[in-house]
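Participant: Please see the structure below; I have some questions.
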Amino acid sequence: HDVVRHISRWTTHEHQDALARQAATMILTLRGSVCLYQGEELGLTEADLAFEDLVDPYGIEFWPEFKGRDGARTPMVWQAAAHLGAFTSAPRSWLPVPADHLPKAVDEQLKANDSVLAHYRASLAFRKRHPALAKGALGLLDAPDGVLAFTRTDGTETLLCVFNMSETASVFAVPTGMTPKAADAPGSIDDPRDGVLELPPFGAYVGML
């Protein structure tokens, strides 16, 4: 099956960084062990590779109907100005380094407090500060189409987590009896007004109950 990187698979270029941040917040607030695939923390897109660059047997066999897994397995980019993104000092890497990945290299993102990498780091720290996210129960809530809403609780704290998973704005009516106040979750939108959360495209909210 296709394994296209998620920000290329689920949205257009306009919203890719927003989706990258939302995906980080979502996976780090859901229940279960967290698995991050290399490049997700940089917001890397699916690489557009030529047939002659492929090494994946499935992509080679079924090209062009199925392009294989190589578009998601290009080298990690560490330094934007370095040879092959500093992935290797060899003359060539096993797969090409896409030119549009270099501006997203680690050394470039470390310069910006609002980068996707900074968001991942802050979100990991947020999860560590809240025991309910590590071992707490998950309770799903009714929500409009395209919106995912749930609570996480471990007996010492309860968090409300709401995600607009579409490219259009949406709203979420907070259930009666809940009065969430914004937690210190990176990238969370403002608290609800009159019991309603106004969610931008790929917006996320995490609040304490």
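The values are calculated or read from the model by the stated rules, or taken from the named source; none is laboratory data. Note that the coordinates shown come from a computational prediction; the quantities given were computed from them, not determined experimentally. Ideal geometry is used to build each Cβ from the backbone, glycine not excepted, and the neighbour counts take in all protein chains shown. Note: areas computed on protein heavy atoms with side chains; ligands, DNA, RNA excluded. Shrake-Rupley method; radii C 1.70, N 1.55, O 1.52, S 1.80 Å.
Participant: From 142, 107, 114, 100, grab the single residue that is charged (D, E, K, R) and under 20 Å from residue 28 (Cβ atoms).
Facilitator: 114
Participant: Among the residues of the range 174-197, how many are of a type outside the set (Lys, Arg) and in contact (Cβ under 8 Å) with a residue 24 or more places away in the chain?
Facilitator: Residues in the range 174-197 being of a type outside the set (Lys, Arg) and in contact (Cβ under 8 Å) with a residue 24 or more places away in the chain: 13 in total.
Participant: Looking only at the range 192-207, which residues are open to solvent by less than 40 Å² (accessible area, probe 1.4 Å) and among the hydrophobic types (A, V, I, L, M, F, W, C)?
Facilitator: Residues satisfying the conditions are 197, 199, 202, 204, 206.
Participant: Another question, if that's okay. What are the residues in the range 155-209 that are more than 24 Å from the chain's Cα centre (by Cα), assigned to a loop (DSSP other than H, G, I, E, B), of a type in the set (Gly, Ala, Ser) and more than 20 Å from residue 30 (Cα to Cα), if any?
Facilitator: 177, 195
Participant: One residue is enough: does the range 112-119 have a residue meeting the conditions open to solvent by 50 Å² or more (accessible area, probe 1.4 Å) and within 30 Å of residue 189 (Cα to Cα)?
Facilitator: Yes; the residues of the range 112-119 include at least one that is open to solvent by 50 Å² or more (accessible area, probe 1.4 Å) and within 30 Å of residue 189 (Cα to Cα).
Participant: Are there any helices (runs of 4 or more DSSP H) wholly within the range 1-72 with 1 or more residues that are open to solvent by less than 80 Å² (accessible area, probe 1.4 Å) and basic (Lys, Arg), and if so which?
Facilitator: In the range 1-72, 16-29 are the helices (runs of 4 or more DSSP H) which contain 1 or more residues that are open to solvent by less than 80 Å² (accessible area, probe 1.4 Å) and basic (Lys, Arg).
Participant: Okay, moving on. Would you mind stating whether residue 201 is in contact with an Asp or Glu (Cβ under 6 Å, 6 or more places away or on another chain) and within 19 Å of residue 42 (Cβ to Cβ)? Before you say what the answer is, go through the steps one by one.
Facilitator: On the way: in contact with an Asp or Glu (Cβ under 6 Å, 6 or more places away or on another chain): yes; within 19 Å of residue 42 (Cβ to Cβ): no.
Considered against the rule, which asks whether it is in contact with an Asp or Glu (Cβ under 6 Å, 6 or more places away or on another chain) and within 19 Å of residue 42 (Cβ to Cβ), residue 201 comes out as no.
Participant: Filter the range 73-110 down to the residues that are more than 19 Å from residue 40 (Cα to Cα) and either charged (D, E, K, R) or open to solvent by 80 Å² or more (accessible area, probe 1.4 Å) (or both) and list them by number.
Facilitator: 81, 83, 89, 91, 92, 94
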